[in-house]
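The values are calculated or read from the model by the stated rules, or taken from the named source; none is laboratory data. Keep in mind that this is a model prediction, so the values were computed, not measured. Here Cβ is always computed from backbone atoms with ideal geometry, including for glycine, and neighbour counts include all displayed protein chains. Side chains are part of the model used for accessible areas, which takes the heavy atoms of the whole protein and leaves out ligands, DNA and RNA. Shrake-Rupley method; radii C 1.70, N 1.55, O 1.52, S 1.80 Å.
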Protein chains: 2
Amino acid sequence: MLTPAEDAQTALLLEAGTQKPGNVGPTRDFDDTTFHQFLVGAVGARRGFDAVGSGEKGAEKDVSVGEVFLRSVRGASAHEGGNTQFGAVLLLAPLVVASARGGVEDAPEVAKETTPEDAARFYEAFDHVDVYVGDVDDEYDYDVRDPEARERVVEDGVTLYDVMEESAARDGVAREWTDGFPRTFHAASKLETVRGDTREAVRSAYVDLLREEPDSLVAERRGTEKAREVTRMARELPPDELDARLADERINPGTTADIVAGAVFVALRRGWSV
Amino acid sequence: MLTPAEDAQTALLLEAGTQKPGNVGPTRDFDDTTFHQFLVGAVGARRGFDAVGSGEKGAEKDVSVGEVFLRSVRGASAHEGGNTQFGAVLLLAPLVVASARGGVEDAPEVAKETTPEDAARFYEAFDHVDVYVGDVDDEYDYDVRDPEARERVVEDGVTLYDVMEESAARDGVAREWTDGFPRTFHAASKLETVRGDTREAVRSAYVDLLREEPDSLVAERRGTEKAREVTRMARELPPDELDARLADERINPGTTADIVAGAVFVALRRGWSV
């Protein structure tokens, strides 16, 4: 039995180590970020995961979600490429903390109980990685690109959960936080039923998620119409053809990949084996 | 800068995460062992690596090579497949301990200073993984398949270095131990000169090693003539063709892959970046 920290790292590796349509993976590097850099990112991300306890009674450390996230993002930047695991680690942080405290199913409560200090750690993480940030409402007082925002969130008592609520409308990972991780848990349940071919299991989980809902990273970068088109393509094309088409158009459904990483973690915690 | 433990795990991942002729990798699973199982093995192997210190002054823990090896082998068995990292971890253990104590270049001394207790840990590791063991001289008193051998090595004062000397004639990793890790350090020096395409760098390091010397795992399993033939093929065929030929004949040059993992670790310690 692996610890929550080890399972979280395994989740990042199985996600990266499965060729999923449009993503960097075993058979594809992007110009700015390679498969090997995703592997190094998974090594470094362990720094945050290791801050939580072993999940055994009496062994837990009370490390906050924001601190786990920040340490993981800093660690995952130990390569020369672009952002590799920001979204996946944002999704994993409450899941890992919940696992270490008692059970992964408590992640929705862990998310709700985050504090303004967690929010400050979240904002600090943007110093360590070049994350794509789409359009933010001009009226929003806590834009991550504003260096003073991290002080204001603490002063104003804005929690990390509040920040996620603000971006839930346009970010699929934030929506998992505010909706109780429904897609993560659902995809995990499907993964658990598959024994044997783990590559096919992970790829199927990804394609199923992509068929259900437009990817929010694609929507932010290429517009909602393109994101809807990708969902249609995922429904109509065989996965290999989908992969070729997305690669041609340089479309990377990154949020869907993040949810897959979370789903693999949940499945592993529930006993899914590789 | 990653720690020795993090670099050791990175080395296992970059080795596994590069498609090298004949090996399990990004584009190939074996019937009994998959690429994903190599990834899980690299997660578990970290348990041994984490037992050494950070490499910073005053932070080092004095954990023995045998203990690091045993914990890594036990951790790396956390999947349902066959042996994934036994040889690589045997090579990495003295390199990681040397790095944590002061510098990777001291690995030859670290290997020489191993004790009978290290040998006992080595024999114990065979309980945790199904490792291929070839013909052992009937006269040899410390056959790993003999359950009492691990007690006898301690009683008789046989060190892990002595055990490696005994098997150096037929095992390429043991020969690295007794010869001062010459192929590991040489391959690392070549890796260090390559910036950018790390997949190509790792694959080239592997093919170069295979061209120089017959692989000892192939020799043990398929005979020395076949191992020599593989070396000739490596010299004559383009890597992709070599890969296809070895895959067809189910020939896996596993010792050469182990040395690549060691070389990647040394290169990373010397500042090679991904």
So how many residues does region B:1-41 have that are polar (S, T, N, Q) and over 30 Å from B:V63 (Cα atoms)?
6
When (1) open to solvent by 60 Å² or more (accessible area, probe 1.4 Å); (2) in contact with a strand residue (DSSP E or B) (Cβ under 9 Å, 6 or more places away or on another chain); (3) not small (G, A, S) are applied to A:D243, the one that fails is (1)
Any residue at all in region B:9-21 that's farther than 23 Å from B:S273 by Cβ and touching a residue at least 12 places away in the same chain (Cβ under 8 Å)?
yes
Is region A:141-162 home to any residue that is within 21 Å of A:T33 (Cβ to Cβ) and either at pLDDT below 95 or open to solvent by 10 Å² or more (accessible area, probe 1.4 Å) (or both)?
yes
When you scan region B:57-111, how many residues do you find that are of a type in the set (D, E, K, R), in contact with a helix residue (DSSP H, G or I) (Cβ under 9 Å, 6 or more places away or on another chain) and modelled with pLDDT under 95?
5
I'm trying to understand the selection: among the residues of region B:168-205, which are open to solvent by 30 Å² or more (accessible area, probe 1.4 Å), under 21 Å from B:P21 (Cα atoms) and of a type in the set (S, T, Y)?
B:S204
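Quick one: which helices (runs of 4 or more DSSP H) lie wholly within region B:187-274 and hold at least 1 residues that are under 27 Å from B:T3 (Cβ atoms) and within 14 Å of another protein chain (Cβ to nearest Cβ)? Even if it seems obvious, please write down each step before you answer.
Working: elements: B:198-212, B:216-222, B:224-236, B:239-248, B:254-269.
Correct list: B:198-212, B:254-269.
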Check whether at least one residue in region A:51-74 is at the interface with chain B (Cβ under 8 Å from one of its Cβ atoms) and in contact with a Ser or Thr (Cβ under 8 Å, 6 or more places away or on another chain), and report yes or no.
no
Just a yes or no: is a residue in region B:125-133 outside any helix (DSSP H, G or I), under 18 Å from B:I259 (Cα atoms) and within 14 Å of chain A (Cβ to nearest Cβ)?
no
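Kindly indicate whether A:F30 is assigned to a helix (DSSP H, G or I), at negative phi and open to solvent by 20 Å² or more (accessible area, probe 1.4 Å).
Criteria not met by A:F30.
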The condition of being of a type in the set (D, E), under 19 Å from A:T33 (Cα atoms) and at pLDDT 95 or above holds, among A:D258, A:D215, only for A:D258
Residues of region B:2-15 being at pLDDT 95 or above, over 13 Å from B:T198 (Cβ atoms) and facing chain A (nearest Cβ under 9 Å), which ones?
B:E6, B:D7, B:Q9
Complete set of residues in region B:118-159 that are among the β-branched types (V, I, T) and closer than 25 Å to B:Q85 by Cα:
B:V129, B:V131, B:V133, B:V136, B:V144, B:V153, B:V158, B:T159
For region A:61-97, give me the residue count where each residue is surrounded by fewer than 24 Cβ atoms within 10 Å (Cβ to Cβ) and hydrophobic (A, V, I, L, M, F, W, C).
2
Looking at (1) in contact with a helix residue (DSSP H, G or I) (Cβ under 6 Å, 6 or more places away or on another chain); (2) closer than 28 Å to A:V133 by Cβ, can you tell me which one A:R235 breaks?
(2)
Going through A:E165, A:E117, A:E124 one at a time, which residue ends up being acidic (D, E), without any contact (Cβ under 8 Å) to a residue 40 or more places away in the chain and either farther than 22 Å from A:G75 by Cβ or open to solvent by 10 Å² or more (accessible area, probe 1.4 Å) (or both)?
A:E165
